[in-house]
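Take a look at the structure set out below.
The values are calculated or read from the model by the stated rules, or taken from the named source; none is laboratory data. A quick note: this is a predicted structure, and the numbers were derived from the prediction, not measured. Every residue, glycine among them, receives a Cβ derived from its backbone with ideal geometry; neighbour counts consider all protein chains shown. Protein only, heavy atoms only, side chains kept; ligands, DNA and RNA dropped before computing areas. Shrake-Rupley method; radii C 1.70, N 1.55, O 1.52, S 1.80 Å.
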Amino acid sequence: MIKPIITSLAGLVFFAGVRAQQSAPLVVSADDIVAEIQPTMYGIFFEDINFAADGGLYAELVKNRSFEFTFPLMGWSQPNSDRHSLNENSGFASVLRSNREHNPHFCRVEVKNDKGYSLINEGFRGMGIKEGETYNLSLMAAKHEGNISRVHFRFVDESGKVLGETSIQPGDGEWKKYKTAIIPTGTAAKAQLKITFEGKGTIDLDMISVFPEETWKNRPNGLRKDLVQLLYDMDPGFLRFPGGCIVEGRTLNERYQWKKTVGPIEDREGMVNRWNMEFEHRLTPDYYQSFGLGFFEYFQLAEDLGAEPLPILSCGIACQFNTGELAPMDELDPYIQDALDLIEFANGPVNSSWGKIRKDMGHPEPFNMKYIGVGNEQWGPEYIKRYKVFEKAIKEKYPDMIIVSGSGPFPDGEYFEYGMKELKKLNAEIIDEHYYRSPEWFRENADRYDSYDRNGPKIFAGEYAAQSVAIASPENRNNWECALSEAAFITGLERNAEVVHLTSYAPLMAHKDGWQWTPDLIWFDNLGSYGTPNYYVQKLFSRNKGTHVVPVRLNGKAITGQGELYATASLDKNTNEIIVKIVNTSGKEKQEKITFRGVSRLADTAKITVLQTGDLAAENSLDHPVSISPKEKSVKAKKDRLDVALQPYSVNVIRVKKR
Ligand code: AHR
């Protein structure tokens, strides 16, 4: 059945007819518990795409701080250095290689005269700096020849105006770490860091880093506070990391290897980001992974958010949209060992090899990891073969670990059917399904899980988002039609909480000047951020999930689009409330009666939170971040009944206490 968002007159007449037949009440059977809603029902999918980590959540302002990019001076410029002219040259920087095992490159600056040589870092499409806040600067330096007596660091804006400065006095000889700070005298979204030198001579520089002092929980090497706050406000049940296709890599060599992302940050071996060249229409050659945000920080973030950590690991298959490179079956051991060692890193005692590394990083207590994902978006027999080996090895050592497997990139078709069939045969515990589909698909599939086997594997709706144009089209918008359609679909996820245990929108974040994939849940620039309408849908459902599903029916049937309404209901046993979520995808206001069976009397008033706009094309933006955001009102209850007016194109969450 097609569930249109009506725009034509014919449609209005047709649906007016349907409306007339709908004088029947919506009936909530409050004493008829269908299923428990898992605390993990609504969670977060994090992937370093769209500058989500470096340039986004990870608060470092300096791009290519350790000179390890393929073009080692990418992100750096030397405006008045002319290497071709010996006489005019004020100085120059070269990138050299040391004998360090990881991140071996460093920058050698030779200052030749007093003609104003400078080395400038452009940040991630600029650096966001705020007047009066403290920015901690650190670097490694070693002075060799000459008399460079001072190194100056200045924030400059796009016109070159200085917005704050500091300096260090480099000592002679060996590498030493220097720390100082800049307090900007102005605010700028696209500042740069300009380094100048007093005196002439040669100096080596490495790990040039600038962080706002104010990060989430004020941690050094920390995360952007505004972005974590948006995540925290969602009250997520889990945090899946680090992706996404980034787990798999374009080749096996480029897969995500968590062991390279823990320990001292200067020893974490950076790597290109696979999203840099994925889309011709959004080339981002300067996209790398510093791994400053690594697995320890992901676990810590999950803990801060009160969310279950859900890491996904490579299963020995590179991204099948790229090379699909396979690790031969007899060479899978290192991949499996990575999984086993990760469990030890997260949960092992402090005297175990990996538990000790966690302790040394400042977290002796285990992270209590319960889930592990094997492969991201793999498909076909090669995946099933590898999954079996992983499953055996993990369960042998950690029988309680819950394994998440994948059904591939599509929600239907040959690959999907094959994966589901095989994984069911293997009694897979949780299967990850992905759907990037049109808004209409989301409205049409609100009943997708009604027919899923209650005794089969549980479902992780691990990546989904309505695409207003086409999958990953650069024209896709985070508009209200998409968000409303997702809300309609989510009623079906929650109604089927017996089967669906985890859900997450994807991708999570995008830098407005550095993205590759749209739509995304949260957008930001170097100074600010906002939640899309889709974000508010996620937040509303997550914060109002309740503890147990109860039926809400119209004419005895689940509400999956009749009269363009979608609904689900739950109890919150902690607060003794009944929660009814109704999505009205029609362009007309609907007067609905809701009767509550199994309740002798409702509290006098119910609270209704409404997310609504009459404009399906409407969006939020950095300038208007909360145009579409929830508004609260109350409605009087009549013993066991509520009469509600559902605005056109609205998501409504009704909470009422049982007396
Ligand atoms: O969310 C963006 C990408 O979509 C993910 O990396 C991948 O798993 C899916 O194809």
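If only the Cβ of Lys and Arg carry +1 and only the Cβ of Asp and Glu carry -1, the dipole of region 387-448 around its Cα centre is close to 260 debye. Starting from a Cα-only point model with no solvent, please compute log10 I(q)/I(0) by Debye for region 76-212 at q = 0.12 1/Å. Once normalised to I(0) and log-transformed, intensities are -0.47. The magnitude of the dipole of region 76-212, with charges of +1 and -1 set on the Cβ of Lys/Arg and Asp/Glu and taken from the Cα centre, is near 120 debye.
Of the trypsin sites (Lys or Arg not before Pro) found in region 191-273, no site is in coil according to DSSP while having at most 12 other Cβ atoms within 10 Å of its Cβ.
Express the accessible area of the chain per residue in Å², computed with a 1.4 Å probe while the remaining protein chains stay in the model. Before the final figure, lay out the partial values.
On the way: 25260 Å² over 659 residues.
Heavy-atom SASA per residue in the chain reads 38 Å².
In terms of the Cα gyration tensor, with a ≥ b ≥ c the square roots of its eigenvalues, is region 370-419 rounded because a/c is under 1.5, prolate because a/b exceeds b/c, or oblate? Prolate. Projecting the Cα atoms of 505, 647, 517 onto the charge dipole of region 502-659 (Cβ charges, centred on the Cα centre) puts 647 farthest toward the positive pole. Checking every one of the chymotrypsin sites (Phe, Trp or Tyr not before Pro) in region 160-207 against DSSP loop status and a limit of 16 other Cβ atoms within 10 Å picks out 175. Dimensions of region 158-271 from C-alpha coordinates, computed as largest minus smallest value along each principal axis and given longest first, are 53, 35, 27 Å.
If you take the Cα centroid of region 560-599 and the Cα centroid of region 623-651, the two points sit 11 Å apart. Here the calculated FRET efficiency for residue 641 and residue 329, from their Cβ-Cβ distance with R0 = 56 Å, stands at 0.35, rounded to the nearest 0.05.
Annotation: aspartates and glutamates with alpha-carbon distance below 15 angstrom to residue 512 (same-chain offsets under eight excluded): 48, 54, 475, 520, 525, 619, 623. Centre-to-centre separation between the Cα atoms of region 338-408 and those of region 506-551: 28 Å. Along the axis of the charge dipole computed for the chain (Cβ charges of +1 for Lys and Arg, -1 for Asp and Glu, origin at the Cα centre), the listed residues 149, 189, 540 are led at the positive end by 540. Here region 203-231 is scanned for amide nitrogen atoms under 13 Å from the site 7 Å beyond the Cα of residue 304 along Cα-to-Cβ, giving 212-231.
Of all lysines in the structure, the ones whose alpha carbon falls short of 17 Å from that of residue 115, not counting any fewer than 8 places away in one chain, are 194, 200.
Residue 134: net charge of surrounding residues, Cβ under 13 Å, Lys/Arg +1, Asp/Glu -1, itself excluded?
Numbers: positive: 130, 179; negative: 131, 133, 213, 214.
With Lys, Arg at +1 and Asp, Glu at -1, the net is -2.
Put a dot 7 Å past the Cα of residue 353, heading toward its Cβ, do the same for residue 185, and the two dots end up 5.5 nm apart.
Accessible area of residue 277 (1.4 Å probe, protein heavy atoms only, ligands and nucleic acids ignored): about 100 Å². Surface composition of region 76-212: carbon and sulfur atoms hold 44% of the protein heavy-atom accessible area at a 1.4 Å probe.
Shown here: region 575-614, whose C-alpha atoms stretch 36, 19, 15 Å along the first, second and third principal axes, sorted largest to smallest.
Quick check on packing: order 508-518, 493-503 by the mean number of other C-beta atoms within 10 Å, highest mean leading.
Values: 508-518: 22.3, 493-503: 24.2.
Going by the mean number of other Cβ atoms within 10 Å, highest first, we get 493-503, 508-518.
So for the chain: antiparallel DSSP bridges make up what percent, rounded to the nearest 5? Each step should come with its number before you reach the end.
Values: 103 of 140 bridges.
Taking every DSSP beta bridge within the chain, about 75 percent pair in antiparallel fashion.
How would region 270-327 be classified by its alpha-carbon gyration tensor: rounded, prolate or oblate, with rounded meaning a/c under 1.5 and the a/b versus b/c comparison settling the rest? Oblate, since a/c reaches 1.5 and b/c is not below a/b. Share of carbon and sulfur in the accessible area of region 264-411 stands at 53%, probe radius 1.4 Å.
Kindly provide the Kirkwood hydrodynamic radius of the chain in Å, to one decimal, from all pairs of distinct alpha carbon atoms.
On the way: mean 1/r = 0.0375 Å⁻¹.
Taking the inverse mean of 1/r over all distinct Cα pairs, the chain comes out at 26.7 Å.
Helices meeting the span-like rule in the chain (full DSSP H runs, Cα extent of at least 18 Å along the helix axis, mean Kyte-Doolittle score of -0.5 or higher): 333-347, 480-495. Across the options 118, 102, 129, the greatest Cα extent toward the positive end of the charge dipole of region 76-212 (unit charges at beta carbon of Lys, Arg, Asp, Glu) belongs to 102. Under the simplified labelling scheme, the residue 513-residue 469 pair shows an inter-label distance of 2.2 nm, with each label point 7 Å from Cα along Cα→Cβ.
Across the protein chains, with a 1.4 Å probe defining accessible surface, the residues 280, 213, 481 rank 280, 213, 481 from largest area downward. Counting only lysines at least 8 places from residue 395 when in the same chain, those with an alpha carbon closer than 26 Å to its own are 259, 260, 356, 359, 370, 385, 421, 424, 425, 458.
Size of the dipole of the chain about the Cα centre, Lys and Arg at +1 and Asp and Glu at -1 on the beta carbon, nothing else charged, in debye to 20? Can you show the working numbers first?
Working: 78 positive and 89 negative charges, 426 e Å.
Magnitude of the dipole: close to 2040 debye.
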